[in-house]
Amino acid sequence: MNAQRFWCALGTGAGVALILAGCATEGSVRQARAEAEKAATESSQVLAATRAAAAQRQIADRALQARLARLESEQLELLQGVRHMQALSIRGQAPATGGKHRALAATTKIELNGVFTQVTAQARALAGAPYKAPPAISPELQRLNFTDYGKLKLLGRVPGWPTGTPFHIQLFPAGYLFTWPVKIAVVAGGKTWPAQLPITVTGDPGLAKRIPNPVPQAGFSAYTPFGQGPSVNQFLSFLGASYFRAVGQGQSWGLSARGIAIDTALPHRAEEFPYFRAFWIVASHPHARHFTFCALLDSPSLTGAYRFVVRPGRQTVVDVKAVLFERKQVRRLGIAPLTSMFLQGRFSHHRFDQLLRSAHDSDGLAIAMPGNTRLWWPLRNPRRIAIYRFALTNPQGFGLMQRARRAGDYRAFGMHYEDRPSAWVTPEGNWGPGHLVLIELPTDSQTNDNISVFWVPDNQGARLQPLTFRYRIAWQGQNPKGSHLGYVIAGRHAYNANSHSETYVVDFAGQALAAAVPASVAPFVRVFGPARVVSAWATREATGDWRLQFDLARTGSDAVTIHAALMQGPTRVTETWAGVLPTAQ
């Protein structure tokens, strides 16, 4: 049987072509037909799976829209009820004392939730479209230096903001480092007012001629009286990307928080900085205790709807609800990120500023651990980037803390490091499995934020599916978790050349320790890595504080993680000091 070469394309019925070349024998034709039928079967299976996924996506979309519509309807009914209560109050038929105040608070809450529903729907729709970068501000604004930017003010009463409220807002102009224009609106009584104010340039007529008018906003700050008297204090600031800061009464500005962290400190991958592109601030009533607003976050990788409820006071509390929608897969999604600065501590080996004893916004990471215990990780200014992971399922709390509270701890006159707040994050709900990431970057300046911490979920869900997180950030002086435990007040480390060992000294304080019987307190030291504990002992000082000292000997060159605490029988009476002995050089 003569054979001849040929090319043929066999359709699989789903747009897939199988190209054959060879001899036209009966065997080759049968083999080609079998392969084509197999390919057609596989293609049909893929097509069926694709259609099933699309159907599930449509079902999820319809369910989300139904939930949003139902929530909006419920809020409208509640709002009508509250307005009815207000009408009764006007006619003298209000319920008992305080009813009007409760009605006003309920109105604010309903309006906030209504705005958040709309922002969530907007974030969902935005995630389904290609990312569009914000428009660039004018070159004149981009070229501003720090001094000239400080001369720009957006002054005047913000449109729509009521009089007689305990809160006031001020707008930041775009320019200098803040090159992303932000839309800000005031929401009151179901109406929305764009917050646009004319620019004022102080003390520089030449600069005033060069600056365009109007100037877009880059963010805002909020003020309220702290305590009695006419003084008004700034307690909140949103400026730059998704960064924000808060302070309590008597505190100075320090560390920052962010809306989200994306791909921070990943090798061969640039970090992405999402930004809040719009804010809706709910107007406060005269007796308001909370400052409330919503925000829309955007970036090439994801979008998000955020709801903020802020209660200023001796400690200022920020309650956050975030609903995220991924445009594309994010490799490292950082939830509730905190950012701080650590240049040098009291006992740092490397001194970058010889005139200062210490310079830092935070001096340690505190983590609430299972069993009502707590971990304390002292911060460092490393020689090279250092990244640490702490596995946590449903984290109970974590924060970057400032424990050195005396001016003499710093000797940095005018910087007020001793008054800078700690920030403690308390997750709400079920966050599931994940891990906390601490990143330390080398720096030689007080102006560089080189510390970052955030929680990374193990399961991020599918693209365009909502991912919801709720948490509270308390900007305060002390860590509220584990207050029954003794806490670290100092730590130092040195190499002993005579014994070729590493000596560590950790000082603890706290009411529980002050009452402890010395004979019942014992040291606890555990190492993870190539090292062994040579000796460990604990002593009580005359002040009531305790000192734990221990020596380690290396048995290898790899890095060693160390845990140390004080025990009373089987119970830990202090938090666990943790640190790392770096890889031997």
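The values are calculated or read from the model by the stated rules, or taken from the named source; none is laboratory data. All values derive from a computational prediction rather than experimental measurement. In this analysis, Cβ positions are derived from the backbone assuming ideal geometry, glycine residues included, and neighbour counts consider all displayed protein chains.
Just a few scattered comments:
- The set of residues in segment 403-432 that are among the aliphatic types (A, V, I, L, M) and within 18 Å of the chain's Cα centre (by Cα) comprises Ala423, Val425.
- Residue identified as out of contact with any Lys or Arg (no Cβ under 6 Å at 6 or more places or on another chain), surrounded by 14 or more Cβ atoms within 10 Å (Cβ to Cβ) and at pLDDT below 90 among Ala497, Ala490, Ala462, Ala516: Ala516
- Enumeration of residues in segment 276-313 that are surrounded by fewer than 18 Cβ atoms within 10 Å (Cβ to Cβ) and touching a Ser or Thr at 6+ places or on another chain (Cβ under 8 Å): Pro286
Residue by residue, here is whether (1) among the hydroxyl-bearing types (Ser, Thr, Tyr); (2) over 24 Å from Pro421 (Cα atoms) holds:
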position: Leu255; (1), (2): no, no
position: Ala261; (1), (2): no, no
position: Leu266; (1), (2): no, yes
position: Pro274; (1), (2): no, yes
position: Ala283; (1), (2): no, yes
position: His290; (1), (2): no, no
position: Leu296; (1), (2): no, yes
position: Ser299; (1), (2): yes, yes
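- Within segment 564-585, considering residues that are of a type in the set (Val, Ile, Thr) and buried (at least 18 other Cβ atoms within 10 Å of the Cβ), the one farthest from the chain's Cα centre (by Cα): Val573
- Within segment 203-242, the only residue that satisfies the criterion of being out of contact with any helix residue (DSSP H, G or I) (no Cβ under 9 Å at 6 or more places or on another chain), β-branched (Val, Ile, Thr) and at pLDDT 90 or above is Thr224.
- Listing of strands (runs of 3 or more DSSP E) fully contained in segment 117-227 that carry 3 or more residues being free of Cβ contacts under 8 Å to residues at least 60 places away in the same chain and over 27 Å from the mean Cα position of the chain (by Cα): 191-194, 199-201
- Complete set of residues in segment 526-560 that are among the hydrophobic types (A, V, I, L, M, F, W, C) and under 18 Å from Ile489 (Cα atoms): Trp537, Ala538, Ala542, Trp546, Leu548, Phe550
- Sole residue being in contact (Cβ under 8 Å) with a residue 60 or more places away in the chain and of a type in the set (Val, Ile, Thr), chosen from Thr574, Thr583, Thr555: Thr574
- Of all the numbered requirements in (1) within 30 Å of Gln249 (Cβ to Cβ); (2) surrounded by 17 or more Cβ atoms within 10 Å (Cβ to Cβ); (3) in contact (Cβ under 8 Å) with a residue 40 or more places away in the chain; (4) not acidic (Asp, Glu), Ala509 misses one, and that requirement is (3).
- Hits in segment 244-274 - residues which are in a strand (DSSP E or B) and surrounded by 20 or more Cβ atoms within 10 Å (Cβ to Cβ): Phe244, Arg245, Ala246, Ser256, Ala257, Arg258, Ala261, Ile262
- The single condition among (1) of a type in the set (S, T, N, Q); (2) within 28 Å of Ser362 (Cβ to Cβ); (3) not in a strand (DSSP E or B) that Ser452 does not satisfy is (3).
- Evaluation of Asp551 against (1) surrounded by 12 or more Cβ atoms within 10 Å (Cβ to Cβ); (2) within 15 Å of Ala512 (Cα to Cα); (3) touching a strand residue (DSSP E or B) at 6+ places or on another chain (Cβ under 7 Å) (one fails), failing number: (2)
- The residues in segment 243-282 that are at pLDDT below 95 and more than 18 Å from the chain's Cα centre (by Cα) can be counted, and the count is 9.
- Of the strands (runs of 3 or more DSSP E) lying entirely inside segment 467-543, those containing at least 2 residues that are closer than 30 Å to Leu338 by Cβ and under 38 Å from the mean Cα position of the chain (by Cα) span 467-476, 487-496, 501-509, 521-528.
- When segment 381-432 is filtered for residues that are among the hydroxyl-bearing types (Ser, Thr, Tyr) and crowded, with 17+ Cβ neighbours inside 10 Å, the ones remaining, listed by number, are Tyr410, Tyr417, Ser422, Thr426.
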